[in-house]
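Notes to accompany the following structure.
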2 protein chains.
Amino acid sequence: MGRSEELRLDPWGATVIHDYEKAMKTFGIKPFYELLDKIENPHSLMKRGVIFGHRDYDTRVLEALKKKEKVALVTGFMPSGKVHFGHKILMDQIIYYQRLGLELFIPIADAEAYAVRKLSRKEVVEYAVTEYVANLIALGLENKKVHIYFQTNYETPYYRLIQMFSRKVTLAELEAIYGRLEPGKIMAALTQAADILHPQLEAFGEYKNIIVPVGIDQDPHIRLVRDLADRFGSELGLERPASTYHRFMTGLDGNKMSSSRPEYAIFLSDPPEIASKKLANAITGGRATAKEQRELGGIPEKCSVYEFYLYHLIKEDASLKAIYDKCRNGEILCGECKAYARELLVKWLRDHQRKLEQAIDKAYKYVDVPEF
Amino acid sequence: MGRSEELRLDPWGATVIHDYEKAMKTFGIKPFYELLDKIENPHSLMKRGVIFGHRDYDTRVLEALKKKEKVALVTGFMPSGKVHFGHKILMDQIIYYQRLGLELFIPIADAEAYAVRKLSRKEVVEYAVTEYVANLIALGLENKKVHIYFQTNYETPYYRLIQMFSRKVTLAELEAIYGRLEPGKIMAALTQAADILHPQLEAFGEYKNIIVPVGIDQDPHIRLVRDLADRFGSELGLERPASTYHRFMTGLDGNKMSSSRPEYAIFLSDPPEIASKKLANAITGGRATAKEQRELGGIPEKCSVYEFYLYHLIKEDASLKAIYDKCRNGEILCGECKAYARELLVKWLRDHQRKLEQAIDKAYKYVDVPEF
């Protein structure tokens, strides 16, 4: 993959961005750590640099909340498979913002799943509710100030927006962002724009401050949406949304965690013993030999097990730092470290899956399922 | 314009089809006159060959009605200007079918008017109601079994259909029909497909027999829609619609009648004296001199005044034939003939405009207007 290819983010592909810094400079994304001091209770994903970049977070979220303005979050899911720990990064943020008092708009990208990914409607709807919505509930989502909807089963002004957007965007412009397009992808791009911007309409509550937390691969969409907001500024009163960018979760083989390689992803519904075995086989930042590791120390930055601690398994910063230091100093070897991670993971999964069981029944109360 | 260009019908352009016969053969449209014997009360537009072609009219309409099956009509309007006598051809058919007992679905193509024709939303909505709907009412449309809707202001399952259609159509395929496309046109094509096919859905009454009366320039859409019906046959139970094709109304200059050349079109809201003057200046099938015309006779087939008789002004076939024969035989000259046509036109317009005035108030009861 060439240099320029690397920077051509593709929301439908599985591009791994090796160089976040460069992507940020190229596309005008600002470092998130600069805002940390201004945030009262930053999420650990913020403090730990998993959420590493943003656009307009300072004005649209921090200042808006200070001024007691209404703020809404929009972020969606592509229900193409089971929920894994990569998805959990976004779910944790959703719940964080709900607790901050934001109104939540959570589109389920079933139109895109059907038209672009060519999944069956039935499969998509089932995954959406029993996996995505249920896991959100199990993770703590409450049924208040939250609008979870299927892209194919929403309210009319949302569709009007999709229709209207098609006037002010050219095929050349879309192809510059996404490459060769088919009607399904064009629809998906316009629909996603409506997902992000529709809360600004009167019919949906007139939320002018919108925050969209996404993976960096979604930035092409965000840029398109910001342009569309500008183009419909005077006609519909739309304003640019803010966005944050989080790192991908590394899969257990060192690539992006993905449902398409289930042996290298840990799903929130994996039986704990199976999850534990997967983690046992994960790539670590360990050295070739125990001797070498004791002398040189391990490399937590390259370790998918450490990533599990960092993203999901260890809440206390002090405990996390202790493990980091021990690894760096060669005081702990990968076997012992993995055993501890597996223990935490099994415990977490058991607890979560107990909640998940009840959540699946509740899930159908959070969202209206399309008839066909 | 080359031969092949001539046959590449463009629903967004103003292509005049000089050779209907050839277009019919090329695209598999059957002659309508073959069905006339089987129709109990054919509309005069059918008897007079204005409606000249069809697909599946025999099975979807004639046999279906015989078997007491439900039949729906779908046909829409692009509210890009004022209603002229070219539009009236379609309006007369709508009312004919309502009287036959069909359920009517009448989309107003405001999405397309906005995204493709780049008209303002306000203008489009106003034209739609005060011109298109009001004229339909004045012509006799009753407020029963009729669904007049704006494409941007309809019910959710309709939009789901648009989203789903995007999966099974390629850009190459659309471009083969329409030429170079932009997102607005792609949306418009998929939306028009949903217009035609949605009455088959359970949510809209499950009308499997659908008749779509259109101008021949709309046939590319019809072919796409028939293909889409096939592709969604097993998944959504969609079936192919029937269609009929009518000739364009010739403008007073001999080209297709169009709002874009208002001096050569007669609008249903034109002040009678102005309409009368326009008709006075119309191109006729007359000869160079009165002498020549008395000897050779005129050519009613090439006469835009005769077309007015044929399409709109003379109901009785015998009276029409009398004028035709007199013209052919050189017994009547264009001046006299025009004077008679003008008299009928003024009378018709006065009567219509009296009804139209009341119809404008009623029109807002027939259709829900979008908020923005």
Residue count, region A:143-166 (criterion: within 30 Å of A:Lys355 (Cα to Cα), out of contact with any Phe, Trp or Tyr (no Cβ under 6 Å at 6 or more places or on another chain), more than 8 Å from chain B (Cβ to nearest Cβ) and surrounded by 17 or more Cβ atoms within 10 Å (Cβ to Cβ)): 3
If B:Gly330 satisfies every condition in (1) in contact with a Pro (Cβ under 9 Å, 6 or more places away or on another chain); (2) more than 14 Å from chain A (Cβ to nearest Cβ); (3) not charged (D, E, K, R) but one, which is the exception? (1)
For A:Glu301, state whether it is over 20 Å from A:Gln93 (Cα atoms), modelled with pLDDT of 95 or more and either touching a strand residue (DSSP E or B) at 6+ places or on another chain (Cβ under 9 Å) or in the same structural domain as A:Asp270 (by TED's automatic domain parsing) (or both). no
Of the residues B:Val214, B:Val169, only one is of a type in the set (Val, Ile, Thr), assigned by TED's automatic domain parsing to the domain that holds B:Ser234 and within 23 Å of A:Tyr159 (Cα to Cα); which? B:Val169
Sort out which residues of region A:175-185 are facing another protein chain (nearest Cβ under 7 Å) and among the hydrophobic types (A, V, I, L, M, F, W, C), and write them in order of number. A:Leu181
Test: A:Gly140 is closer than 21 Å to B:Glu173 by Cβ and surrounded by fewer than 21 Cβ atoms within 10 Å (Cβ to Cβ): no
Go through region B:256-269 and report how many residues are in a loop (DSSP other than H, G, I, E, B) and either under 15 Å from the mean Cα position of the chain (by Cα) or in contact (Cβ under 8 Å) with a residue 60 or more places away in the chain (or both). 8
Only one of (1) outside any helix (DSSP H, G or I); (2) closer than 19 Å to B:His87 by Cα; (3) without any contact (Cβ under 8 Å) to a residue 40 or more places away in the chain does not apply to B:Lys278, and that is (1)
Please return the ranges of helices (runs of 4 or more DSSP H) entirely within region B:36-132 where 3 or more residues are within 14 Å of the chain's Cα centre (by Cα) and away from chain A (no Cβ under 14 Å). B:85-100
Subset tally (residues that are among the small types (Gly, Ala, Ser) and under 14 Å from B:Asp217 (Cα atoms)) for region B:238-264: 2
Testing A:Ser260 on (1) in contact with an Asp or Glu (Cβ under 7 Å, 6 or more places away or on another chain); (2) surrounded by fewer than 20 Cβ atoms within 10 Å (Cβ to Cβ); (3) closer than 22 Å to A:Ala111 by Cβ, one condition comes back false. Which one is that? (1)
Working only within region B:43-80, note down all residues that are farther than 25 Å from B:Ala189 by Cα and modelled with pLDDT under 95. B:Ser44, B:Leu45, B:Met46, B:Lys47, B:Arg48, B:Gly49, B:Val50
Quick one: would you say B:Ala188 is under 25 Å from B:Met91 (Cα atoms), out of contact with any strand residue (DSSP E or B) (no Cβ under 9 Å at 6 or more places or on another chain) and within 13 Å of chain A (Cβ to nearest Cβ)? yes
Out of region B:69-83, which residues are touching a strand residue (DSSP E or B) at 6+ places or on another chain (Cβ under 6 Å), surrounded by fewer than 22 Cβ atoms within 10 Å (Cβ to Cβ) and closer than 16 Å to B:Ala128 by Cβ? B:Lys82
Among the residues of region A:102-125, which ones are touching a residue at least 24 places away in the same chain (Cβ under 8 Å) and out of contact with any helix residue (DSSP H, G or I) (no Cβ under 8 Å at 6 or more places or on another chain)? A:Leu102, A:Arg117
Residue among B:Ala359, B:Ala341, B:Ala318 that is modelled with pLDDT under 95, small (Gly, Ala, Ser) and on the phi < 0 side of the Ramachandran plot: B:Ala318
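Being surrounded by fewer than 19 Cβ atoms within 10 Å (Cβ to Cβ) and of a type outside the set (A, V, I, L, M, F, W, C) is true for just one of A:Glu103, A:Glu123. Which residue is that?
Numbers: A:Glu103 fails: surrounded by fewer than 19 Cβ atoms within 10 Å (Cβ to Cβ).
A:Glu123 is the lone residue from the list that is surrounded by fewer than 19 Cβ atoms within 10 Å (Cβ to Cβ) and of a type outside the set (A, V, I, L, M, F, W, C).
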Unique match (being at pLDDT 95 or above and more than 12 Å from chain A (Cβ to nearest Cβ)) among B:Val169, B:Val225: B:Val225
In the set A:Ala265, A:Ala275, which member is touching a His at 6+ places or on another chain (Cβ under 8 Å) and either under 30 Å from B:Glu371 (Cβ atoms) or surrounded by 20 or more Cβ atoms within 10 Å (Cβ to Cβ) (or both)? A:Ala265
Residues satisfying the stated conditions in region B:325-348, i.e. in a helix (DSSP H, G or I) and surrounded by fewer than 18 Cβ atoms within 10 Å (Cβ to Cβ): B:Asp325, B:Lys326, B:Arg328, B:Gly335, B:Glu336, B:Ala339, B:Tyr340, B:Glu343, B:Leu344, B:Val346, B:Lys347, B:Trp348
With respect to A:Ser269, is the statement that it is at pLDDT below 95 and of a type in the set (Gly, Ala, Ser) true? no
What do you reckon, is B:Lys277 over 29 Å from B:Leu136 (Cβ atoms), more than 25 Å from the chain's Cα centre (by Cα) and basic (Lys, Arg)? no
Based on this model, can you work out whether B:Glu307 counts as under 30 Å from B:Leu102 (Cβ atoms) and not assigned by TED's automatic domain parsing to the domain that holds B:Ser166? yes
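The values are calculated or read from the model by the stated rules, or taken from the named source; none is laboratory data. Just so we're clear, the structure is a prediction, and the values are computed from it rather than from any experiment. Neighbour counts run over all protein chains shown; Cβ positions are idealised from the backbone, glycine included.
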